[in-house]
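The block underneath contains the structure these notes are about, expressed in structure tokens.
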Amino acid sequence: MKRRAVAIAAFASFAIFARTAAFADDQETAIGQQVYQQFEQRGVIVARPDHLYDVLDPIARDIKRWADPESEYPFAFVIIHDPSVNAFAVPGGVIYVTDSFFHFVQNREEFAGVLCHETAHDIDRDLIHVIGKDQQLATLIGLIGAFSGVVRSARGRYMEDLAYAMQSNSYALDVENIADRKGADICAEAGYNPWGMVWLFENFAKGDTLGAMEALSDPLSEQHRIADLETHFGLDPQLFGAFSPNGATATALGI
């Protein structure tokens, strides 16, 4: 039964890849397929039905309504089993969320904030741009696999390579700030308080996350990014003015 459920989940995900291939860069679609296959081979994909999808799916649907029209790919959201607290975007419109992440965030707003941030990365094709399209496909797959924990034995080396690529590329230094701002826009349009990302910065700094979370793994400080978001909120009171910065107004995730 478990094997059948995993097979159904795999078929559904590859149906997504096939459906979007006509609109997507072939290289990015191939990367997404390869990353999924690596996760499938490790047996870490959380198959449906699972109670965590009951939490994820309504939030993902709200975000997709605003993110999909800006993307070449309709977004898909997949849960994987991993002890690290993480969520990350893979080229081709797939957002992966670890099951540990559900138990780390303190509310729906923090959870939605990270998903919005990751959709922003994929919309802007950030990983492809940062690493460079001249890289071989295998290199890109290796970097993503290590970055997401697929290749644990090589994780340190690949993470160092990726960090060097990002820090040595002047374009990439502002990537996380841009993803924060665009993600805040998407969250606000979808009806989720964008202050959730600010609350997450504060929450993450206090916790033991067993590794670096993609959304917080840039060379910029949390305070810098908080200040940047606060400035962004102030520039568009029509969009952001209705949302409270008070964490006491947050909504429980409901696990």
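The values are calculated or read from the model by the stated rules, or taken from the named source; none is laboratory data. Everything quoted here is computed from the prediction, not taken from an experiment. Cβ placement follows ideal geometry from the backbone for every residue including glycine, while neighbour counts extend to all protein chains displayed.
Some values worked out for this structure:
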| quantity | calculated |
| --- | --- |
| All positions within the stretch 106-128 that are crowded, with 24+ Cβ neighbours inside 10 Å and within 24 Å of residue 247 (Cα to Cα) | 109, 110, 111, 112, 113, 114, 115, 116, 117, 118, 119, 120 |
| Answer from 67, 60, 76 - the residue that is under 23 Å from residue 249 (Cβ atoms) and at pLDDT 90 or above | 60 |
| The stretch 34-92, residues that are among the β-branched types (Val, Ile, Thr) and touching a strand residue (DSSP E or B) at 6+ places or on another chain (Cβ under 8 Å) | 35, 44, 45, 46, 78, 79, 80, 85, 90 |
| Residues of the stretch 173-203 satisfying the condition of being buried (at least 19 other Cβ atoms within 10 Å of the Cβ) and at pLDDT below 85 | 175, 176 |
| Residue list for the stretch 69-87, filter: without any contact (Cβ under 8 Å) to a residue 40 or more places away in the chain and either buried (at least 22 other Cβ atoms within 10 Å of the Cβ) or farther than 15 Å from residue 111 by Cβ (or both) | 69, 79, 81 |
| Enumeration of residues in the stretch 76-94 that are in a loop (DSSP other than H, G, I, E, B), small (Gly, Ala, Ser) and within 15 Å of residue 31 (Cβ to Cβ) | 92, 93 |
| Filtered residues of the stretch 234-255 (kept if closer than 19 Å to residue 180 by Cβ and either at pLDDT 95 or above or of a type in the set (S, T, N, Q) (or both)) | 234, 235, 236, 237, 239, 240, 241, 243, 244, 245, 250 |
| Failed criterion for residue 100 (all others in (1) surrounded by fewer than 19 Cβ atoms within 10 Å (Cβ to Cβ); (2) touching a strand residue (DSSP E or B) at 6+ places or on another chain (Cβ under 7 Å); (3) among the polar types (S, T, N, Q) hold) | (2) |
| Subset tally (residues that are of a type in the set (Gly, Ala, Ser) and over 16 Å from residue 57 (Cα atoms)) for the stretch 73-104 | 4 |
| Selected residue (criterion: modelled with the lowest pLDDT) from residues of the stretch 9-43 that are surrounded by fewer than 16 Cβ atoms within 10 Å (Cβ to Cβ) and aromatic (Phe, Trp, Tyr) | 11 |
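The rows are residues; the columns are (1) among the hydroxyl-bearing types (Ser, Thr, Tyr); (2) assigned to a helix (DSSP H, G or I).
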residue: 54; (1), (2): no, yes
residue: 64; (1), (2): no, yes
residue: 74; (1), (2): no, no
residue: 96; (1), (2): yes, no
residue: 101; (1), (2): no, yes
residue: 109; (1), (2): no, yes
residue: 118; (1), (2): no, yes
